[in-house]
Amino acid sequence: MNENFDTIDIRLLEQLQMDASQSNQQRAAQLGISPATCLRRTRRLRALGVLEKEVAILDPEALARCTGAPQPLACVAEISLDRQSQEALQAFEARAVVEAGVQQCWRVSSGPDFVLIVQVADMQAYQFLAQRLFGEDANVRNVKTYFVTRRAKFSTRMPIAAVDAAASAIAVAD
């Protein structure tokens, strides 16, 4: 099914990506449409599966300050499998996605087979996760783990082709 999005839909998606906590009335006012129209469009985007979910993003430093707990340990892990059959790839992926510490699991090409974004409480928690994911599977050939020392940028924004094309056109015109 090909759903055609107009500029209002695209602007609504951009707004939701920037701040989903705004009220429907606030979004409608910014878009120059009625609250009923804004709500109908938002519901349509949810029904189409374009809006996967709305979440709160926590700042790890602020959370550590407020709770007194240490900041979680974050890392990026590259995993190469010994066998890359479809079944082997699916088996590793299935194990990775059920791990609570695995925030993102990407199957990649031209290098490792997978890249994982991991966030756990501490090094001991990482070691337990690594043993479950990498140590118990004879098919894991190599693991390279990079521990995060500083988060320079973090964004959940999904580029929207129509918006990015318009921004590029404006940049070229300047």
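The values are calculated or read from the model by the stated rules, or taken from the named source; none is laboratory data. For clarity, every value in this text was computed on a predicted model and none was experimentally measured. Using ideal geometry, Cβ is built from the backbone for each residue, glycine included, and neighbour counts are taken over all protein chains shown.
For region 1-23, enumerate the residues that are in a helix (DSSP H, G or I) and loosely packed, with under 13 Cβ neighbours inside 10 Å. Of everything in region 1-23, those that are in a helix (DSSP H, G or I) and loosely packed, with under 13 Cβ neighbours inside 10 Å turn out to be Thr7, Met18. If only residues of region 106-127 that are touching a helix residue (DSSP H, G or I) at 6+ places or on another chain (Cβ under 7 Å) and either more than 22 Å from Gln71 (Cβ to Cβ) or of a type in the set (Lys, Arg) (or both) are counted, the one that is surrounded by the fewest Cβ atoms within 10 Å (Cβ to Cβ) is Arg107. The set of residues in region 58-76 being within 29 Å of Pro112 (Cα to Cα) and modelled with pLDDT of 90 or more consists of Gln71, Pro72, Leu73, Ala74, Cys75, Val76. Evaluated against (1) within 20 Å of Thr156 (Cβ to Cβ); (2) free of Cβ contacts under 8 Å to residues at least 60 places away in the same chain, Leu13 falls short on exactly one condition, (2).
Evaluated against (1) assigned by TED's automatic domain parsing to the domain that holds Leu16; (2) in a helix (DSSP H, G or I); (3) surrounded by 11 or more Cβ atoms within 10 Å (Cβ to Cβ), Ile33 falls short on exactly one condition, (2). Cβ-Cβ contacts under 8 Å between residues 6 or more apart (or on different chains), taken from a first residue in region 138-160 that is assigned by TED's automatic domain parsing to the domain that holds Pro112 to a second residue that is surrounded by fewer than 14 Cβ atoms within 10 Å (Cβ to Cβ), are listed as Ala138/Asp82; Asn139/Asp82; Asn139/Arg83; Val140/Asp82; Arg141/Asp82. Going residue by residue through region 139-148, is there one that turns out to be assigned to a loop (DSSP other than H, G, I, E, B), closer than 29 Å to Lys53 by Cα and at pLDDT 95 or above? Yes, region 139-148 contains at least one residue that is assigned to a loop (DSSP other than H, G, I, E, B), closer than 29 Å to Lys53 by Cα and at pLDDT 95 or above. Counting only residues that are in a helix (DSSP H, G or I) and either farther than 21 Å from Leu81 by Cβ or free of Cβ contacts under 8 Å to residues at least 40 places away in the same chain (or both), region 107-129 holds 6 of them. Hey, can you tell me all the residues within region 69-105 that are hydrophobic (A, V, I, L, M, F, W, C) and farther than 21 Å from Phe128 by Cα? Those that are hydrophobic (A, V, I, L, M, F, W, C) and farther than 21 Å from Phe128 by Cα: Ala88, Leu89. What number of residues in region 134-156 are surrounded by 11 or more Cβ atoms within 10 Å (Cβ to Cβ) and either under 30 Å from Leu16 (Cβ atoms) or touching a Pro at 6+ places or on another chain (Cβ under 8 Å) (or both)? Of the residues in that region, 4 qualify.
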